[in-house]
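Quick note: the coordinates plus some simple rules give every number you see, no bench work behind them. Computed from a predicted model, the values in this text were never measured in an experiment. Cβ: placed from backbone, ideal geometry, glycine included. Neighbour counts: every protein chain shown.
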C-alpha cells in the first residue's frame, strides 16, 4: 500500500472517529434537552397544585410539631413557592431523567443488557421514592420534634419559613439520593470499578463514613435522626454488596 493510500486511510479513520465523537455529543445534547423538558413539565404541574403541596404536604410536619413559622422577606413566599415548584418538578421528572441517562449510556452496553433499561429505570425510581417516603414519615417527625422541644421554655421558637423548607427539602432529597446506593453499586460493578471483595474489605471504613454522612445530612445535633438514617444506610450497603456480587463485571 502506498503512502498516499495509508495517509488517505488514516484521514478517513480520523474523520470517522471525529464524526462518532460529534454524534456522541449530539446524543448527549438531546438527552439533556429531553430531561430539561421533563423538568419543565413537572415544574408546571407542581405550580398548578402548589397550594396543595405546600399546605397539605410540606407544612404538615410543622403543624404536627407545633412550629411557629414566619416569613421575614417581602415577596419571600412568592420566591419560595417558585423554588418549591422547581424541586417538586425535579422529583416528578426523576424517572425521565434516569431514563435519558440510561439511554445515553446504552450504546456502550451489550444487547442483553439493553433489555433491562426499563427495569433499571423502575428500580432506580423506586429506590428514590422509598428514600423520600422514609425521610418524610420517619426522619422529619423526629428531627422537627427535637428542634421544637430543645432549649429554654422562656425562649419562643419562631422559625423562618425559608429555613424550615430548606431543612424539609434537603432531608427529603438527600434521603432519596442515598437510597440509590444499590443502583450505584450495580453501575460501578458492571463497568468493573467495584466488586464485592472491595466492599467487604472496607466495610468498617464504610460504616464510619455512613455515620459521618448521616450526621452531615441530618440538620441540627439530633443523634436520634442520625441513627435513624444510619441504620437503613448500613442495610443498603449490605444490599449493595449483594448487588455487586450478582452484577460484577466478568473478566
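Just to verify a number: FRET efficiency for residue 119 and residue 29, C-beta to C-beta distance, R0 = 35 Å, to 0.05? All intermediate terms of the calculation are to be shown ahead of the outcome.
Details: r = 27 Å, r/R0 = 0.76.
Approximately 0.85, to the nearest 0.05.
Using 0.36 nm times the number of residues separating residue 106 and residue 202, minus their current alpha carbon distance, what extension gain do you get? Present the calculation step by step, with values, prior to reporting the outcome.
Details: separation 96, 0.36 × 96 = 34.56 nm, distance 3.05 nm.
Difference between extended and current length: 31.5 nm.
Taking the Cβ of each residue in 231, 87, 239 as the centre, tally the other Cβ atoms inside 10 Å and list the residues starting with the fewest. Intermediate results must be reported in sequence, preceding the final value.
Values: 231 12, 87 21, 239 15.
Result, fewest neighbours first: 231, 239, 87.
Summarise the long-distance tail of P(r) for the stretch 18-179 by giving the % of C-alpha pairs beyond 19 Å.
On the way: 8389 of 13041 pairs.
That fraction is 64 percent.
Pulled fully out, how much extra length does the chain show between residue 234 and residue 36, if you take 0.36 nm times their separation in residues and subtract their Cα-Cα distance? Intermediate results must be reported in sequence, preceding the final value.
Working: separation 198, 0.36 × 198 = 71.28 nm, distance 3.34 nm.
Difference between extended and current length: 67.9 nm.
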Length gained if residue 160 through residue 246 is fully extended, taking 0.36 nm per residue and subtracting the Cα-Cα distance, is 26.2 nm
